[in-house]
Amino acid sequence: MTNSEPLLDVRDLSVTFTRKGGPTVRAVDGVSFTVRPGETVGLVGESGSGKSVTSLAVMGLLPRRGVQVGGQVLFDGDDLLTLPRDRMRDIRGRDIAMVFQDPMSSLNPVVPIGVQVTEVLERHQELKGEAARSAAAELLSRVGIPDPNRRLKEYPHQLSGGMRQRALIAMALACRPRLLIADEPTTALDVTIQAQIIELLKELVQDTGASLVMITHDLGIVAGLCDNVHVMYSGRVVESAGRRELFAQPRHPYTGGLLGSVPRLDAPRGAPLHPIPGSPTDVLRWDHGCAFAPRCQNRVDACLDGPPPLEAYAGRSLRCLNPLTESEEVSV
Amino acid sequence: MSDQTAAPAAEERAPAEGLLSVRGLEVHFPIRSGILVERQVGSVKAVDGVDLDIPRGATVGLVGESGCGKSTLGRAILRLVEPTAGTVTFDGTDLRALGGEELRRMRRQLQMVFQDPMASLDPRQNVQSVLSEPLRAHGIGGDHRARVRELLDVVGLPASAANRYPHEFSGGQRQRIGIARAIALEPQLIVADEPVSALDVSIQAQVVNLLEELQDRLGLTYLVIAHDLAVVRHIADVVAVMYLGGLVEQAPSDDLYATPLHPYTKALMSAVPIPDPEVEDTRQRILLQGDLPSPADPPAGCRFHTRCPFRQQTRCADERPVLRTVAGHPDAHRVACHWVEDIEAGRIRPAAGAVVEPDPDPEPDAEHAPNPAA
Ligand SMILES: Nc1ncnc2c1ncn2[C@@H]1O[C@H](COP(=O)(O)OP(=O)(O)OP(=O)(O)O)[C@@H](O)[C@H]1O
Ligand SMILES: Nc1ncnc2c1ncn2[C@@H]1O[C@H](COP(=O)(O)OP(=O)(O)OP(=O)(O)O)[C@@H](O)[C@H]1O
Ligand code: SF4
Ligand code: SF4
Ligand SMILES: [Mg+2]
Ligand SMILES: [Mg+2]
């Protein structure tokens, strides 16, 4: 997998929402990252940082009205942003699949699971009738749904949340995608079910060689799953690193702040938490300076002069004028 | 002896210096059906035989999966929902025996903080009015404006917040208002139901720290309900693990982490992601099969037996285990599993498929740095 050409190459992606009478919202502001074949990439950040909008832009699923998308999304060399709609529809489903946080929103409530899975198989694998049906049952059992033949006849509401998410993953896999984008696929699930799903995703990536983009706010999931991690804040990537480098020594004050504020199950009890002051709504607009400046303990005057650039630093990419040094390593 | 309820009777136990003591608590919600004549056709056993002691000044944490009955237990303690059986003793008084005015007076001592601060705040009331309402309701005189300013100060909000409305605040600030309201009457016990789970990661720690600070300052006793084991372990002195209406393990926080004894706790603990690749790469995981069974039709015997990787041919399916002490562990560490000694000694091993060993040879990842600034 080393040095292979990226499968997905997102370049300077920006997404702006304009609402009549309302202010324009730049939800994604010059985001770049790559995903190589077989690689698992994490996008992390708090609510509103632009993770979902980034993935929707990649999938071509943003509403067309009131949205401006800039930059490039190269998939296998083609720019998905300029592709005709029908070609995009082909790629979506066949080459790129997506799993959302709320499986109910992507399942049709009045159609049995089996019909929904076989439909995908018929469309993308050109399987028919009995062959499609037995392939569907096999897929369900592959993702760990017991008694798949019975489940195929059931409707989405008859399945538990965890099972629905599995069914959705089964559908996403039905077309053997080369890239799977999972947007908080386990956030609504219990931690024991989450562990099942993450294990499943890991296996699938290993077995099929697909690439995975994992969107989450949970640094723990990223630590166990992703090869490379991009931390987003207010629509921009502020730190990108291999997971070992990132967790061993976060350099961006926001990354460090996140790590310092989550209680760790294995930390000695009584270890203090170090919250980030303020809230994610206390942002500065990037063109006025670093968006994190209002909450940053490392702020220097220059941070308010304009947007800090994303630069190579200490084996990673970093958007910060006064990075954390080793002595400031977050205490856990 | 099959499917008996809960632990030994209250008299058999040393009277804990408890502020709150719960014995044999049950909350069964009726399931009704029928179009013309409604009949009860069954019941949801949301809480089904719980014993719990909360020492004065302590924090007890309650964890468990969605639907296991945590909120119902918390609400039943405050009698926001009527228990169908059992006792709740608060500061020596049997709460279930209280009615009307007496109960209302007692409620001053017991307050609740909710998960969604917005849902529990009236959007049309400004903060001054939200915070002085409990004072009015309990006929407390004095200068309410001054008291509200004081409350705001205690929870870290500026005095100017009094004239603003809930929607003008961020999630974390709203939770501060929710906490200020809960402490307005100087209660002894606060039941906090998922107080941080709706908040952004960076804000959670602020609220956790605030709760801890207030405890020191005001001598509060907490029952903190959360599904996040890491948060609970951080904040609680004692952790109770709940599964399908009953407690399966209860222990001082450090003991529970160092030596989880119940198979469910082991699985739960191994499932919690830890933000550290070194740890994640070397952990063993115990994966559970399937989902939480329905509390309307809980499995007989040990409620966990349908998912337990350590399940045995005998006892598990027909005899409900009670919380008990285990030789070699402190008395405060109690477990409801028939086979805990054998499991601990390694005489009973988990089913093969349930254990995911760490990758013996994790790929030395990130041979290539992610693309630097394009
Ligand atoms: N359809 C839309 N119209 C206007 N603004 C939008 C729209 N969709 C998203 N936004 C805004 O874009 C920003 C980024 O949203 P996004 O959903 O990508 O965040 P996120 O990182 O996925 O957060 P979360 O963790 O809450 O899912 C937010 O400020 C959001 O309010
Ligand atoms: N008023 C009610 N009537 C009928 N059933 C109820 C009622 N309240 C709760 N239940 C049921 O009781 C069980 C326990 O619910 P409860 O809300 O206590 O769980 P919980 O552990 O707090 O879950 P969560 O983590 O999702 O908040 C669930 O099966 C729930 O559907
Ligand atoms: S650029 Fe300045 S304000 Fe922004 S994170 Fe770095 S030090 Fe803090
Ligand atoms: S009693 Fe049996 S089923 Fe229950 S936890 Fe113990 S071993 Fe598992
Ligand atoms: Mg999102
Ligand atoms: Mg609840």
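The values are calculated or read from the model by the stated rules, or taken from the named source; none is laboratory data. From a predicted model like this one, the values you see are computed outputs, not experimental measurements. Counting neighbours? That spans all protein chains shown, and the Cβs are built from the backbone with ideal geometry, glycine included. Side chains included, ligands, DNA and RNA excluded: accessible areas come from the protein's heavy atoms. Shrake-Rupley method; radii C 1.70, N 1.55, O 1.52, S 1.80 Å.
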- Item | Prolate/oblate/rounded call for segment A:26-75, Cα gyration tensor, a/c under 1.5 rounded | oblate
- Item | Nearby lysines by direct alpha-carbon distance to A:Lys153 (threshold 23 angstrom, same-chain neighbours under 8 apart not counted) | A:Lys128
- With the other protein chains left in place, how much accessible area per residue, in square angstrom, belongs to segment B:11-113 at a 1.4 angstrom probe? 47 Å²
- Message: Buried by at least 30 Å² relative to the chain on its own: which residues of segment B:205-251 qualify, computing accessible area with a 1.4 Å probe on protein heavy atoms?
- Response: B:Ala205, B:Gln206, B:Asn209, B:Ala230, B:Arg233, B:His234
- Message: What whole-number volume per residue, in cubic angstrom, does the convex hull of the C-alpha atoms of the protein assembly as shown give?
- Response: 193 Å³
- Note on the structure: Mean per-residue count of partner chain Cβ within 10 Å for A:270-280 equals 6
- Item | Cβ-defined net charge surrounding B:Tyr264, 10 Å radius [Lys, Arg +1; Asp, Glu -1] | +1
- Message: Rounded to the nearest 5, what % of DSSP beta bridges with both residues in chain A are antiparallel?
- Response: 60 percent
- By DSSP, what percent of the beta bridges with both residues in the protein assembly as shown are antiparallel, rounded to the nearest 5? 65 percent
- To the nearest 100 Å², how much accessible surface do chains A and B hide from each other in total, with a 1.4 Å probe? 5000 Å²
- Please label the shape of chain B as rounded, prolate or oblate, based on the square roots a ≥ b ≥ c of the eigenvalues of the alpha-carbon gyration tensor (a/c under 1.5 means rounded; beyond that, a/b larger than b/c means prolate, else oblate). oblate
- Å³ per residue enclosed by the Cα convex hull of chain A: 151 Å³
- Query: Under 24 Å Cα-Cα from B:Lys45, which lysines qualify once same-chain neighbours fewer than 8 residues away are excluded?
  - Reply: B:Lys70
- Proximal charge balance of A:Gly42 [Cβ under 11 Å; K/R count +1, D/E count -1]: -1
- Here the net charge surrounding A:Asp9, from other residues whose Cβ is less than 10 Å away from its Cβ (Lys, Arg +1; Asp, Glu -1), is -1
- Query: Across peptide B:281-294, how many C-beta atoms of other chains are within 10 Å of each residue C-beta, on average?
  - Reply: 4
- Using 1/(1 + (r/R0)^6) with R0 = 56 angstrom and r between the beta carbons of A:Val110 and B:Arg104, what's the FRET efficiency to the nearest 0.05? 0.70
